[in-house]
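One structure is given here, and the rest of the page talks about it.
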Amino acid sequence: MAILDVQNLTVDFLLDDGGTLRAVDGTSFTIDSGEVLGLVGESGSGKSVTALSIMRLLDSQADITAGRIIFDGEDLAQKSEAEMRTIRGQRISMIFQEPMTSLNPAYTVGDQVSEVFRQHLHMGFGESKRRAIEMFERVKIPRAKDTYGKFPHEFSGGMRQRVMIAIALACGPDLLIADEPTTALDVTIQAQVLSVIQDLQHDMGLALLFISHDLEVVAQMCDKVAVMYGARLMEVGESTSLFAGPRHPYTDGLLRSIPRRGQPLTPIAGTIFDLRSPPDGCRFHPRCPYAEDRCRRETPELRALEPAGDGRLAACHFPLAGAGAKA
Ligand code: SF4
């Protein structure tokens with residue numbers, strides 16, 4: 001059953017010149033309890049704005065102008081800030097790319113984790129300290145007891161991210177949003193942190209929205225994948241089948257851009273458009289090798305593809321056959 005059901009989410013930014021920019025345009029997807037959904041796409045495609053909308057952490061110039069964010073049966077888009085404060089941290093948590101921006105350099109990491117237990121679960125000092133040390137052990141920080149009294153600057157990037165994961169999961173949320181959680185880390189450290197996230201997701205039965213531009217990491221981590229381009233969803237499907245046979249030309253282009261041993265790189269031609277002036281019709285048409293006249297005129301809706309029943313959705317007038325070839 002879906003713990004999160006995002007329906008037609010639309011987010012507009014007010015620009016300094018008085019104009020508006022649509023950063024998320026009619027996005028819909030679901031995440032079941034215990035499921036991992038990967039949200040992928042180039043920078044500026046709307047992935048992070050989608051995540052911040054769910055958390056209701058958009059900055060003051062941005063507004064959810066349409067759609068619903070149904071979390072456990074209730075629409076987060078209608079919640080007051082006071083109601084959201086009780087949901088954030090306890091029911092939905094988020095980890096970001098750069099942990100140092102979320103950790104307070106003036107407090108020990110132990111204080112920052114135990115504070116979560118004191119604030120949300122009203123525990124006393126002793127109990128909150130014990131639980132904080134327990135969380136350090138769960139995120140596999142060596143010598144968890146000694147870690148308690150250390151400050152964020154005494155840790156490497158990978159260890160700081162583990163502290164952030166401990167904070168995010170302290171209250172046992174139902175949904176974790178991880179926005180490029182390992183992008184700032186070295187590859188070997190990246191693998192360790194991903195394995196911590198994966199283990200805890202499994203153990204806790206968490207629903208996870210995993211945002212990344214790294215398709216290989218997404219293929220390894222996610223049950224389902226949603227591909228965004230220019231503020232819209234282009235394709236959604238089960239991870240294994242989508243990576244084996246993309247149906248949308250943009251997904252196909254992304255997969256062909258991954259360096260593979262012995263194979264030439266085929267980058268997607270052109271660059272992403274300016275969101276202030278999106279192209280008519282299909283937003284991908286200026287870069288699509290399969291574009292036809294209809295693509296320049298008509299906007300393709302995200303729809304179920306044949307064969308029906310495999311859950312694959314794509315927003316394309318002329319979807320691929322499933323192995324990078326035209327249908
Ligand atoms: Fe390409 Fe047309 Fe499909 Fe857009 S609708 S992805 S331009 S084939």
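The values are calculated or read from the model by the stated rules, or taken from the named source; none is laboratory data. Computed from a prediction, not measured in an experiment: that's the story for all the values here. Virtual Cβ from ideal backbone geometry, glycine too; neighbours counted across all protein chains shown.
Any residue in the stretch 241-260 that's touching a residue at least 12 places away in the same chain (Cβ under 8 Å) and more than 14 Å from Val218 (Cβ to Cβ): show its pairings with residues that are aliphatic (A, V, I, L, M) and surrounded by fewer than 18 Cβ atoms within 10 Å (Cβ to Cβ) at Cβ separation under 7 Å, as long as the two are six or more apart or on different chains.
These pairs meet every condition: Gly245/Ala323.
Say we look at the stretch 239-262 and pick out the residues that are basic (Lys, Arg) and farther than 23 Å from Pro307 by Cα; which of these is nearest to the ligand (Cβ to nearest atom)?
It comes out as Arg256.
Going by the conditions given, is Gln119 assigned to a helix (DSSP H, G or I) and surrounded by fewer than 23 Cβ atoms within 10 Å (Cβ to Cβ)?
In short, yes.
Which of (1) under 19 Å from Leu242 (Cα atoms); (2) near the ligand (Cβ under 9 Å from one of its atoms) is the odd one out, the single condition Arg303 does not satisfy?
(2)
I'd like the full set of residues that are assigned to a loop (DSSP other than H, G, I, E, B) and either within 12 Å of the ligand (Cβ to nearest atom) or closer than 18 Å to Phe318 by Cα (or both), limited to the stretch 271-289.
Residues satisfying the conditions are Pro279, Asp280, Gly281, Cys282, Arg283, Phe284, Cys288, Pro289.
Could you go through the stretch 70-90 and let me know if any residue there is modelled with pLDDT of 95 or more, closer than 16 Å to Pro181 by Cβ and not in a helix (DSSP H, G or I).
No: zero hits.
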